[in-house]
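Here is the structure we will look at, set down as structure tokens.
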Amino acid sequence: MNSYTYLGQLNVVPRWIIFALDLSISILSLIGAYLIKYNFNLSTLDQVEFSRNILILTFLSIGVFGWIKTYAGIIRYTGMQDTLRILFAVLVNFGTFFLINIASSAFLQHSIISNGVLVIMSLSCFLLMVAYRIVVKYAFIYFRNLKLDEKNIVIYGAGEAGVAAKRSFDNAYKVNRKIIAFVDDDLRKVGKTIGGVRIFNASELPRLIADQKIDELVIATYSLPINHKNKLVDMCLENSVKVLNIPPHNEWADGELLPAQIQSINIEDLLNREPIEIDTTGIKRELGGKRILITGAAGSIGSEIARQLTSFNTSLIILCDQAETALHSLYLELSESAPHANICPFVGDVRDKARMEFLFDAYKPHYVYHAAAYKHVPMMEDNPAEAIKTNVLGTRTIADLSVKHSVAKFVMVSTDKAVNPTNVMGASKRIAEMYVQSLNRAISNPNFKVLNGFSNLAGKHNTRFITTRFGNVLGSNGSVIPRFKQQIEKGGPVTVTHPDVTRYFMTIPEACRLVLEAGCMGKGGEIFIFDMGRSVKIVELAKRMIKLAGLIPDQDIKIEYTGLRPGEKLFEELLNDSENTLPTHHEKIMIGQVNEFLFVEVESQISELIENAQKSDDLAVVKSMKKIVHEFKSENSIFEELDLVSKAV
């Protein structure tokens with residue numbers, strides 16, 4: 001059996017062996033101290049004194065080492081904590097022996113041990129106890145890594161996270177990574193060393209990659225600008241260097257960075273933008289002490305809105321969703337992460353008017369964030385009636401109840417697919433936008449008489465309706481990035497609908513921050529458009545994700561083009577040709593100057609549309625949608641024939 005196999009089978013050395021070694025070292029240190037004192041000539045040694053002091057030290061060490069538990073640490077993971085524990089034990093031993101010596105001098109008129117022997121013993125004991133642990137630790141690492149492929153690593157960032165990364169790799173089991181260098185932008189650190197590893201200027205990274213055959217780069221800094229990070233990653237990918245990332249410090253396990261937490265960098269980290277600042281003070285002032293209803297609370301957007309609301313001192317957050325498992329999971333999460341928040345999970349469907357009436361009667365919300373919606377384009381293309389029942393009927397139900405129950409603000413989450421829609425999903429969201437916008441105008445008119453049977457409410461309520469419109473969010477349920485990750489993990493192929501298809505992306509947290517900001521700044525009737533940055537080519541996104549996984553596109557992982565799906569278009573838009581925007585005080589939020597409609601006409605058309613949906617007459621549903629949304633032109637869909645008929649007419 002070779003050394004590597006033996007160490008692989010060895011688990012943890014029993015504590016009694018460590019205790020016995022420590023005790024033996026303590027006794028040997030005393031013997032060594034006497035040898036040094038008498039210049040290795042023991043003929044003049046007082047045997048009685050020597051034997052008595054060994055006996056005292058033995059019992060003293062058993063008590064101190066047992067009390068301080070010097071044996072408790074696992075030797076191969078010896079670190080600063082273990083060293084400090086040993087130092088404390090040795091000092092206690094020394095201090096106790098020293099007090100015994102003073103007491104002997106005071107009462108027996110002679111000391112039992114020379115202070116010089118005591119100092120030499122304590123120093124050698126400490127050094128030997130630490131030294132044998134370090135020797136065992138590095139012997140274990142050496143034999144453990146003997147048959148593993150060695151990987152050369154550079155750590156970007158010579159701060160706390162960088163040091164933690166090095167320590168994590170040093171202690172990692174079955175990981176043979178050699179730290180070649182640290183690199184840092186801070187010139188004050190350049191030329192210094194950390195644990196024997198030199199710190200280089202970050203500008204020297206390309207040379208290090210070329211000269212040292214670097215396999216992996218660990219990004220161990222949280223202050224790297226996103227543009228710089230993108231350039232850094234691109235440079236590494238071009239040189240076949242895998243890029244790893246350090247999680248935030250608050251995610252470390254008990255303050256220690258585990259090797260498993262140092263993982264490949266996510267595409268989300270590279271599509272991210274500089275942090276978006278919002279007026280948290282203003283939001284807290286407006287929402288503090290209020291009861292907030294979130295529909296679709298278990299979804300990607302709804303759940304993140306709920307997470308962010310927990311920091312604004314709300315009186316009550318009502319989580320409404322029909323997906324009970326996801327809703328339960330969110331409730332448990334928020335109960336743990338925000339125990340101070342008053343959270344109420346409510347199982348219900350926004351299409352069920354009676355159930356929603358009960359919700360409003362019971363909880364009387366001040367604000368509504370309406371995120372409930374069906375959003376998957378191809379699926380809604382096959383189920384137009386269901387899209388209308390949720391996206392239009394559900395929105396109308398919650399909007400009407402908001403007016404009836406004097407809700408201060410109704411904030412609707414919409415999508416860029418509502419602009420010049422080419423699919424049922426996008427058109428249904430555009431119709432929902434039209435309804436809430438026209439309703440906002442109608443209820444402010446004192447002469448308004450008809451509000452879905454609530455004519456007695458006209459002119460008495462001032463609910464303000466606000467719409468937010470943005471593109472795809474990174475990592476949302478069913479979005480392209482989780483799908484690509486699954487396909488890459490399975491070995492491919494990665495499927496892209498078209499080589500030219502592009503999309504806008506925004507992270508879920510930043511989208512929700514802007515929803516909260518827009519909701520507070522809205523006066524009623526606005527459609528807020530979010531700055532989505534630049535659009536991203538989906539095939540380039542796929543290639544980058546494959547490279548980040550350490551693989552080669554079209555070699556290790558094939559990319560296949562499947563064709564545009566029903567209702568899908570190549571490019572998404574945030575405004576149609578007849579719309580413009582006005583700026584707001586927030587540079588990332590604009591107000592869309594969209595076409596306005598009369599509520600009476602919209603309500604009448606929607607009633608007919610919902611009636612067709614209730615009959616599950618999909619063809620009639622889509623016909624009605626095209627009458628309401630004139631710019632709705634189907635693409636890659638069976639409903640394209642309706643556009644041809646309308647042209648012929």
**Q.** Of residues in the stretch 595-642 being of a type in the set (K, R) and over 16 Å from M380 (Cα atoms), the one surrounded by the fewest Cβ atoms within 10 Å (Cβ to Cβ)
**A.** K615
Q | the stretch 458-506 - residue that is under 17 Å from the mean Cα position of the chain (by Cα) and at pLDDT 80 or above and, of those, surrounded by the fewest Cβ atoms within 10 Å (Cβ to Cβ) | A | P482
Q) Any idea which of G296, G282, G302 is touching a residue at least 60 places away in the same chain (Cβ under 8 Å) and surrounded by fewer than 17 Cβ atoms within 10 Å (Cβ to Cβ)? A) G282
Q.
For the stretch 302-341, give me each residue that is of a type in the set (G, A, S) and in a helix (DSSP H, G or I).
A. G302, S303, A306, A326, S329, S335, S337
Q) Of all strands (runs of 3 or more DSSP E) completely enclosed by the stretch 463-532, which ones contain at least 1 residues that are in contact with a strand residue (DSSP E or B) (Cβ under 8 Å, 6 or more places away or on another chain) and within 28 Å of Q593 (Cβ to Cβ)? A) 464-470, 472-474, 505-507, 527-530
Q. In the stretch 380-406, which residues are outside any helix (DSSP H, G or I) and either touching a helix residue (DSSP H, G or I) at 6+ places or on another chain (Cβ under 8 Å) or surrounded by 24 or more Cβ atoms within 10 Å (Cβ to Cβ) (or both)?
A. N383, H405
Q. Within the stretch 40-63, can you find the residues that are β-branched (V, I, T) and within 16 Å of S29 (Cα to Cα)?
A. I54, I56, T58, I62
Q. Take the residues of the stretch 1-27 that are surrounded by 16 or more Cβ atoms within 10 Å (Cβ to Cβ) and within 17 Å of V136 (Cα to Cα): which is modelled with the lowest pLDDT?
A. L7
Q.
Here's a check for you: in the stretch 533-547, which residue that is hydrophobic (A, V, I, L, M, F, W, C) and not in a strand (DSSP E or B) is farthest from S444 (Cα to Cα)?
A. I546
(Q) Report every pair of residues separated by at least 6 positions or lying on different chains whose Cβ atoms are under 6 Å apart, first residue within the stretch 513-529 and in the same structural domain as V473 (by TED's automatic domain parsing), second assigned to a helix (DSSP H, G or I) and surrounded by fewer than 21 Cβ atoms within 10 Å (Cβ to Cβ). (A) L516/I283; C520/G282; C520/I283; C520/E286
Q) Which one is surrounded by the most Cβ atoms within 10 Å (Cβ to Cβ) among residues in the stretch 365-379 that are modelled with pLDDT under 95 and not in a loop (DSSP other than H, G, I, E, B)? A) V377
Q: Sort out which residues of the stretch 293-323 are within 24 Å of E277 (Cα to Cα) and among the β-branched types (V, I, T), and write them in order of number.
A: I294, I301, I305, T310, T314, I317
Q: Quick one: in the stretch 28-56, of everything that is more than 24 Å from L127 (Cβ to Cβ) and in contact (Cβ under 8 Å) with a residue 12 or more places away in the chain, which residue is surrounded by the fewest Cβ atoms within 10 Å (Cβ to Cβ)?
A: R52
**Q.** Inter-residue pairs, beta-carbon under 7 Å, first among the charged types (D, E, K, R) and in the stretch 252-271, second at pLDDT below 70, 6+ apart
**A.** E268/G475
Q) Can you name the condition, by its number, that D349 falls short on among (1) assigned to a loop (DSSP other than H, G, I, E, B); (2) buried (at least 19 other Cβ atoms within 10 Å of the Cβ); (3) in contact (Cβ under 8 Å) with a residue 40 or more places away in the chain? A) (2)
Q: Please find, among E603, E611, E596, E560, the residue that is free of Cβ contacts under 8 Å to residues at least 24 places away in the same chain and assigned by TED's automatic domain parsing to the domain that holds G471.
A: E611
Q. Is at least one residue of the stretch 246-258 at pLDDT 80 or above and within 13 Å of A164 (Cβ to Cβ)?
A. yes
Q. Applying the selection to the stretch 167-194, what residues are outside any loop (DSSP other than H, G, I, E, B), modelled with pLDDT of 85 or more and either of a type in the set (K, R) or farther than 22 Å from Y138 by Cα (or both)?
A. V183, D184
(Q) Looking at the stretch 226-239, I want the residues that are among the basic types (K, R) and have a partner that is surrounded by 14 or more Cβ atoms within 10 Å (Cβ to Cβ) and modelled with pLDDT under 85 with Cβ atoms under 9 Å, at least 6 apart or on another chain. Which pairs are those? (A) K229/I265; K229/D269; K229/L270; K229/N272
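The values are calculated or read from the model by the stated rules, or taken from the named source; none is laboratory data. Being a predicted model, the structure only gives us computed values, none of them experimental. Note: ideal-geometry Cβ built from the backbone for every residue, glycine included; neighbour counts use all protein chains shown.
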